[in-house]
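Note sheet for the following structure.
None of the figures in this text is laboratory data; all of them are computed from the coordinates on show. Worth saying up front: this structure is predicted, and the values here are computed from it rather than measured. Here the Cβ positions follow ideal geometry from the backbone for every residue, glycine too, while neighbour counts run over all protein chains shown.
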Amino acid sequence: MRASLALRGWTDLVRTQLPDGVRAVVDRRRIDVIVANLVGNALRHGAPPVTVTLGAAGGADGQWLTLEVADHGPGLPPGSHERVFDRFYKADAARTRGAADDSGQGSGLGMAIALENARLHGGTIEVADGPRGGAVFTLRLPARRGTEGGTG
């Protein structure tokens, strides 16, 4: 996670809670794509502070790693929660604050790609409204024991 944020120059733009010792065997390239899409969207469409929180939790179905990306912007428009992961779907154009391309809009593929990468790890991404506004995206992955890899 730290490397993904640093690579893009986002270290000073994002508040992080990334405890040491949380590990999982993952494809770092795919996780980097997920982090880039979730954090990039939060920075582009949301408002500060953007927070990234890494955690681990056990349950009846095993150990899970979670990564929560939250912003304090306008949140997602009504009706878009169920469509935000669809290919080529773009939420309300008025939400766009930055410029992903010449029109100020992305391709509408980023969240679909992020979800596919999560699924390839046996995980998922969920979206919810933040308790004080904004959007909260939660990546949930099964933590697999192993000696190589890590969350980076």
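Structural remarks
- FRET efficiency, 1/(1 + (r/R0)^6) with R0 22 Å, evaluated for ALA57 and LEU18 via beta carbons: 0.90
- Spin-label proximity, ARG144 to the range 121-135 - amide N less than 12 Å from point 7 Å beyond Cα toward beta carbon: 121-123
- Length gained on full extension, GLU116 to ALA128: 2.5 nm, using 0.36 nm per residue less the C-alpha separation.
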